[in-house]
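**Q** Here it is, the structure, as structure tokens.
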Amino acid sequence: MAEHPAYPVGLRLTGRRVVVLGGGQVAQRRLPALIAAGADVRLVSPDATPSVEAMADAGEITWERRPYAEGDLADAWYALIATSDTEANTAASAEAERHRVWCVRSDDADRATAWTPATGHSEGVTVAVLTTDARHRDPRHTAAIRDAVVEGLRDGTLVAPHRRTRTPGVALVGGGPGDPDLITVRGRRLLAEADVVIADRLGPRDLLAELPPHVEVIDAAKIPYGRFMAQEAINNALIEHAKQGKAVVRLKGGDPFVFGRGMEEAQALAEAGIPCTVVPGISSSISVPGAAGIPVTHRGVAHEFTVVSGHVAPDDERSLVDWPSLAKLTGTLVILMGVDKIGRIAETLVAHGRSPETPVALVQEGTTAAQRRVDATLGTVAETVVAREVRPPAVIVVGDVVGVGPHGTA
Ligand SMILES: C[S@@+](CC[C@H](N)C(=O)[O-])C[C@H]1O[C@@H](n2cnc3c(N)ncnc32)[C@H](O)[C@@H]1O
């Protein structure tokens with residue numbers, strides 16, 4: 001049976017009976033794909049793993065709690081034979097053969113009439129990798145090939161030209177806090193397809209070095225703005241490049257909508273009739289504390305966290321933050337853009353009820369090679385920032401969560 005290579009095919013199983021014999025680990029691994037394919041799955045097994053049982057409880061499969069019996073495969077289009085009883089497996093595969101039902105056997109690939117490929121998905125395509133010859137089966141190798149192909153397609157290192165090669169217009173991509181590995185898969189792919197990238201100072205700047213030479217990389221901070229506001233000049237640059245038919249990525253630090261002015265850009269593009277795709281990113285407000293060992297919530301310590309901009313002082317008339325109310329909360333405060341004003345902020349929080357002993361951590365350049373954490377309290381943070389020369393960008397965390405992790409000093 002194994003002298004010829006297997007013939008690859010995609011089974012369209014919607015509404016068609018698939019019989020699975022055995023409710024152990026093999027069934028647990030294979031069932032989700034059968035359910036996703038819309039198959040009418042009947043599991044025959046005296047017992048099942050808790051996950052398989054949950055699928056039956058949820059009505060995703062029907063489960064007959066008994067051992068295999070002759071006749072179980074009579075109305076099946078496809079069968080997965082995976083019991084721990086070799087005799088039952090042999091009898092079931094003989095029945096499958098008689099009824100001409102393609103069957104996979106977990107205990108004996110050589111006697112099976114079908115093999116399950118290692119599969120993965122990317123952009124509407126299923127990648128399936130099969131061993132050619134059962135005598136040289138190496139599931140790790142097929143899985144590794146699958147991973148290499150799917151990863152390559154996702155991160156753009158494997159370029160497969162297709163008709164719709166690029167997302168038209170502008171993609172507002174949240175690049176994450178700085179570590180190039182912390183951008184999303186979609187963001188990375190769009191970056192790989194871009195003609196023009198307009199990037200901020202913060203975010204995964206290392207990724208820009210990997211772009212091919214034809215990609216025009218523009219530093220948003222250096223766009224001349226003459227009679228315009230800087231933001232208006234950036235909006236204009238996005239619109240102009242997109243109008244030239246180029247695929248434009250606006251690469252932003254963290255998430256585009258967390259103090260990122262992402263919606264202003266999306267609105268300007270909408271007004272100009274340019275399609276805009278928004279790709280969320282990992283915000284520094286959660287990830288930077290996390291990278292420094294600080295969870296923004298912790299059971300029994302903080303049931304809330306509030307993310308605040310500290311770019312204007314509490315007594316500045318432009319401030320939209322109700323600092324006295326924040327001082328009364330007991331949970332975590334995460335302050336972005338607050339290094340310069342932390343002294344005034346700490347003073348205000350203490351004046352309105354927060355203890356001066358409240359732990360504070362400042363995490364500078366989080367997730368990058370230069371990451372640094374400095375600990376203080378509300379009472380000492382103003383002098384600590386000066387003494388330890390803390391510089392932006394930094395995320396400031398206020399609250400008892402600062403002390404819960406292994407690096408905590410509180
Ligand atoms: C204009 S806000 C943009 C926030 C971004 N959209 C986000 O979701 O992370 C910039 C502020 O984010 C914080 N920040 C961003 N990246 C950081 C990093 N890698 N380390 C520390 N702070 C960072 C700093 O407080 C910085 O001043």
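The values are calculated or read from the model by the stated rules, or taken from the named source; none is laboratory data. Just so it is clear, the model here is predicted, and its values are computed rather than measured. Reconstructed Cβ throughout: ideal geometry from the backbone, glycine too, with neighbour counts over all protein chains shown.
**Q** Among the residues in the stretch 347-364, are any surrounded by 15 or more Cβ atoms within 10 Å (Cβ to Cβ), among the charged types (D, E, K, R) and away from the ligand (no atom under 11 Å from the Cβ)?
**A** Among the residues of the stretch 347-364, at least one is surrounded by 15 or more Cβ atoms within 10 Å (Cβ to Cβ), among the charged types (D, E, K, R) and away from the ligand (no atom under 11 Å from the Cβ), which makes the answer yes.
**Q** Please indicate, with yes or no, whether at least one residue in the stretch 239-247 is away from the ligand (no atom under 12 Å from the Cβ), among the acidic types (Asp, Glu) and in the same structural domain as GLY175 (by TED's automatic domain parsing). Steps first, please.
**A** Taking the stretch 239-247 and keeping what is away from the ligand (no atom under 12 Å from the Cβ), we get 239-247.
Restricting the remaining residues to those that are among the acidic types (Asp, Glu) gives 240.
With in the same structural domain as GLY175 (by TED's automatic domain parsing) added as a condition, the list becomes 240.
Checked the stretch 239-247: at least one residue is away from the ligand (no atom under 12 Å from the Cβ), among the acidic types (Asp, Glu) and in the same structural domain as GLY175 (by TED's automatic domain parsing).
**Q** Scanning for something out of contact with any Pro (no Cβ under 7 Å at 6 or more places or on another chain) and touching a residue at least 40 places away in the same chain (Cβ under 8 Å), does the stretch 32-42 turn up at least one residue?
**A** First, the residues of the stretch 32-42 that are out of contact with any Pro (no Cβ under 7 Å at 6 or more places or on another chain): 32-42.
Then keep just the ones that are touching a residue at least 40 places away in the same chain (Cβ under 8 Å); that gives 33-34.
Yes.
**Q** Quick test for you: out of LEU21, LEU31, pick the one residue that is buried (at least 23 other Cβ atoms within 10 Å of the Cβ) and in a helix (DSSP H, G or I).
**A** Numbers: LEU21 fails: in a helix (DSSP H, G or I).
Being buried (at least 23 other Cβ atoms within 10 Å of the Cβ) and in a helix (DSSP H, G or I) holds for just one of LEU21, LEU31, which is LEU31.
**Q** Now a separate question. Looking at the stretch 374-399, which of the residues that are part of a loop (DSSP other than H, G, I, E, B) and more than 16 Å from the ligand (Cβ to nearest atom) is surrounded by the most Cβ atoms within 10 Å (Cβ to Cβ)?
**A** Step one: list which residues in the stretch 374-399 are part of a loop (DSSP other than H, G, I, E, B), which gives 378-380, 388-393, 399.
Next, from what is left, pick out any that are more than 16 Å from the ligand (Cβ to nearest atom): 378-380, 399.
Values: LEU378: 24, GLY379: 16, THR380: 15, GLY399: 29.
Here the residue is GLY399.
**Q** Quick one: which residue in ARG205, ARG201, ARG140 is in the same structural domain as LYS246 (by TED's automatic domain parsing) and loosely packed, with under 15 Cβ neighbours inside 10 Å? Break it down stepwise before answering.
**A** On the way: ARG205 fails: loosely packed, with under 15 Cβ neighbours inside 10 Å; ARG140 fails: in the same structural domain as LYS246 (by TED's automatic domain parsing).
Residue meeting the stated conditions: ARG201.
**Q** Quick one: is SER355 part of a loop (DSSP other than H, G, I, E, B), polar (S, T, N, Q) and modelled with pLDDT under 95? Outline the logic, then answer.
**A** Numbers: part of a loop (DSSP other than H, G, I, E, B): yes; polar (S, T, N, Q): yes; modelled with pLDDT under 95: no.
No, not satisfied.
Every residue, every condition in (1) in contact with an Asp or Glu (Cβ under 9 Å, 6 or more places away or on another chain); (2) within 11 Å of the ligand (Cβ to nearest atom); (3) outside any helix (DSSP H, G or I), yes or no:
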position: VAL173; (1), (2), (3): no, no, yes
position: ASP181; (1), (2), (3): no, no, no
position: ARG186; (1), (2), (3): no, no, no
position: LEU191; (1), (2), (3): yes, no, no
position: VAL197; (1), (2), (3): yes, no, yes
position: LEU202; (1), (2), (3): no, yes, yes
position: LEU208; (1), (2), (3): no, no, no
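**Q** Ok, one more. Pick out the one residue from GLN267, GLN231 that is surrounded by fewer than 17 Cβ atoms within 10 Å (Cβ to Cβ) and either among the hydrophobic types (A, V, I, L, M, F, W, C) or more than 16 Å from the ligand (Cβ to nearest atom) (or both). Explain how you work it out, then say what you get.
**A** On the way: GLN231 fails: either among the hydrophobic types (A, V, I, L, M, F, W, C) or more than 16 Å from the ligand (Cβ to nearest atom) (or both).
GLN267 is the lone residue from the list that is surrounded by fewer than 17 Cβ atoms within 10 Å (Cβ to Cβ) and either among the hydrophobic types (A, V, I, L, M, F, W, C) or more than 16 Å from the ligand (Cβ to nearest atom) (or both).
**Q** Further question on the same structure: Looking at the stretch 53-65, is at least one residue surrounded by 15 or more Cβ atoms within 10 Å (Cβ to Cβ), under 25 Å from VAL9 (Cα atoms) and not acidic (Asp, Glu)?
**A** Scanning the stretch 53-65 turns up at least one residue that is surrounded by 15 or more Cβ atoms within 10 Å (Cβ to Cβ), under 25 Å from VAL9 (Cα atoms) and not acidic (Asp, Glu).
**Q** Next up: Being under 31 Å from the mean Cα position of the chain (by Cα) and under 18 Å from GLN267 (Cβ atoms) is the filter here, so list the residues in the stretch 216-231 that pass it.
**A** ALA220, GLN231
**Q** Oh, and also: Given the criterion modelled with pLDDT of 90 or more, loosely packed, with under 15 Cβ neighbours inside 10 Å and of a type in the set (Asp, Glu), identify the matching residue among ASP133, ASP181, ASP108.
**A** Details: ASP133 fails: modelled with pLDDT of 90 or more; ASP108 fails: modelled with pLDDT of 90 or more.
Answer to the check: ASP181.
**Q** Across the stretch 295-315, which residue is surrounded by the most Cβ atoms within 10 Å (Cβ to Cβ) among those that are within 23 Å of THR184 (Cβ to Cβ) and more than 9 Å from the ligand (Cβ to nearest atom)?
**A** Filtering the stretch 295-315 down to residues within 23 Å of THR184 (Cβ to Cβ) leaves 295-297, 305, 307.
From the residues that got through so far, the ones that are more than 9 Å from the ligand (Cβ to nearest atom) too are 295-297, 305.
Working: PRO295: 18, VAL296: 22, THR297: 14, PHE305: 19.
My answer is VAL296.
**Q** Taking the residues in the stretch 258-305 that are without any contact (Cβ under 8 Å) to a residue 24 or more places away in the chain and assigned by TED's automatic domain parsing to the domain that holds PRO177 as candidates, determine which candidate is nearest to ALA199 (Cα to Cα). Talk me through it step by step, then tell me what you get.
**A** Keep residues of the stretch 258-305 that are without any contact (Cβ under 8 Å) to a residue 24 or more places away in the chain, which gives 263, 267, 270-271, 273, 290, 299-300.
This time we only want the ones that are assigned by TED's automatic domain parsing to the domain that holds PRO177, so: 263, 267, 270-271, 273.
Details: MET263: 16, GLN267: 19, ALA270: 20, GLU271: 22, GLY273: 22 Å.
Restricting to residues being without any contact (Cβ under 8 Å) to a residue 24 or more places away in the chain and assigned by TED's automatic domain parsing to the domain that holds PRO177, the top hit is MET263.
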